[in-house]
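Trainee: First, the structure itself, so that you have it in front of you.
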């Protein structure tokens, strides 16, 4: 990835990662990005679902939405993705921390043209629930018209990861205080079938695969 | 909360919540906010830990950090918090969705004065791990100097929540396709003691309480 002054990690620089595989891995494990733009003279940050395919991040939304109509003008944007992966408990308040994985991006979006929209929507679907696209009814003309997709190139992007235990001051080690990590994990719970569903319907492959992925 | 044009939910307006208890609840269940500012002429979004006490959100960081030094100038900011709480599977690709809880804020920060810094840091600590502050060594003069805290009033703030099952087109109900929700939950896994710790040391109350909170 392109390493620029603004995309270079300043605090705890050892935690910065600039290689595409590390960045893709974090993006692929998460669902929501927080997109920041300048809107009517002030910053606006909106959380929204995304998908990744290759070196492109896709955001979709209602054709009339505030965020999407601004992004299609290719205005400058920044976005971030982050997940807490653990609470880090030290012997001093100061050295308490979080374990996390995060990605920060700078760039601009472009409107995906009609001819590529179906593929881009599939990319978002595949990101969220691999294989689901093949199982369901595809978007019709009216639905496609109601939706716009913004493509954002993954160029000026940084990942930052903290893992492992607390880094206490050596002088604090003698304090009789518990220190360590409380790991945080995201799990899928048992699926809840829609109330209108035939009771004997089996779970689709896309759903059973999700549970293998997470466990 | 103050409902302004920019803080009013436009897409799916029924999902918007403007009352303080709903907003506080979501903030209290999450740890990371994504702060957006204008920096050197372009948007910058940075994920960071926060705490809430009363009607104030607190962000802390190294005194020299880019985000903190900008925020103490009371520049306009926006921030968002979001968690995915479920995958919503419909019979059509179009009606797939996420269940989520999110908060979006507009405003500006102010530097917490020295006299109030300790209380503000306690608020961040209490937010993350209630009761931990009382157990550990408090910040000393050097540590306090290395840290700044920014207070952001919770005034122009909106929550948005989606829950429940898919909303399929009635015409799609006859398709023999599974539809429903895959709930997503964040759990604390078994704590990992620091390798330097006395093996017989019991877990502190702050940690055992966390597990009761989450289960």
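Just so it is clear, none of the values below were taken in a lab; they were calculated from the coordinates. This structure is a prediction, so every number in the text was calculated from the model and none was measured. Cβ coordinates were reconstructed from backbone atoms using ideal geometry, including for glycine residues, and neighbour counts include every protein chain displayed.
Trainee: Evaluate the following for residue B:212: is it within 28 Å of the chain's Cα centre (by Cα), facing another protein chain (nearest Cβ under 9 Å) and surrounded by fewer than 15 Cβ atoms within 10 Å (Cβ to Cβ)?
Mentor: For residue B:212, the condition - within 28 Å of the chain's Cα centre (by Cα), facing another protein chain (nearest Cβ under 9 Å) and surrounded by fewer than 15 Cβ atoms within 10 Å (Cβ to Cβ) - is not met.
Trainee: Which ones in the range B:187-206 are within 7 Å of chain A (Cβ to nearest Cβ), under 18 Å from residue A:187 (Cβ atoms) and part of a loop (DSSP other than H, G, I, E, B)?
Mentor: Correct list: B:189, B:191.
Trainee: What strands (runs of 3 or more DSSP E) completely inside the range A:33-131 contain at least 2 residues that are farther than 22 Å from residue A:18 by Cβ?
Mentor: A:42-49, A:56-62, A:76-89
Trainee: Would a scan of the range A:162-177 turn up a residue that is surrounded by fewer than 17 Cβ atoms within 10 Å (Cβ to Cβ), in contact with a helix residue (DSSP H, G or I) (Cβ under 7 Å, 6 or more places away or on another chain), in a loop (DSSP other than H, G, I, E, B) and more than 7 Å from chain B (Cβ to nearest Cβ)?
Mentor: So far as the range A:162-177 goes, no, none of its residues is surrounded by fewer than 17 Cβ atoms within 10 Å (Cβ to Cβ), in contact with a helix residue (DSSP H, G or I) (Cβ under 7 Å, 6 or more places away or on another chain), in a loop (DSSP other than H, G, I, E, B) and more than 7 Å from chain B (Cβ to nearest Cβ).
Trainee: Condition check: buried (at least 22 other Cβ atoms within 10 Å of the Cβ), facing chain B (nearest Cβ under 7 Å) and in contact with a strand residue (DSSP E or B) (Cβ under 9 Å, 6 or more places away or on another chain). Does residue A:79 satisfy that?
Mentor: Taking the combined requirement at face value, the residue satisfies it.
Trainee: Return the residue satisfying two criteria in turn: it lies in the range B:132-153 and is part of a strand (DSSP E or B) and touching a helix residue (DSSP H, G or I) at 6+ places or on another chain (Cβ under 9 Å), and of such residues it is farthest from the other protein chains (Cβ to nearest Cβ).
Mentor: If we take residues in the range B:132-153 being part of a strand (DSSP E or B) and touching a helix residue (DSSP H, G or I) at 6+ places or on another chain (Cβ under 9 Å), then B:151 is farthest from the other protein chains (Cβ to nearest Cβ).
Trainee: For the range B:10-38: of the residues being buried (at least 17 other Cβ atoms within 10 Å of the Cβ) and in contact with a helix residue (DSSP H, G or I) (Cβ under 8 Å, 6 or more places away or on another chain), which is nearest to residue B:155 (Cα to Cα)?
Mentor: Out of the qualifying residues, it is B:17.
Trainee: I need every pair where a residue in the range B:69-85 that is at positive phi and touching a residue at least 24 places away in the same chain (Cβ under 8 Å) has its Cβ under 9 Å from the Cβ of a residue that is assigned to a strand (DSSP E or B) and surrounded by fewer than 24 Cβ atoms within 10 Å (Cβ to Cβ), sequence separation at least 6 or different chains.
Mentor: Listed by first residue and then by second, the contacts come to B:74/B:108; B:74/B:110; B:74/B:111.
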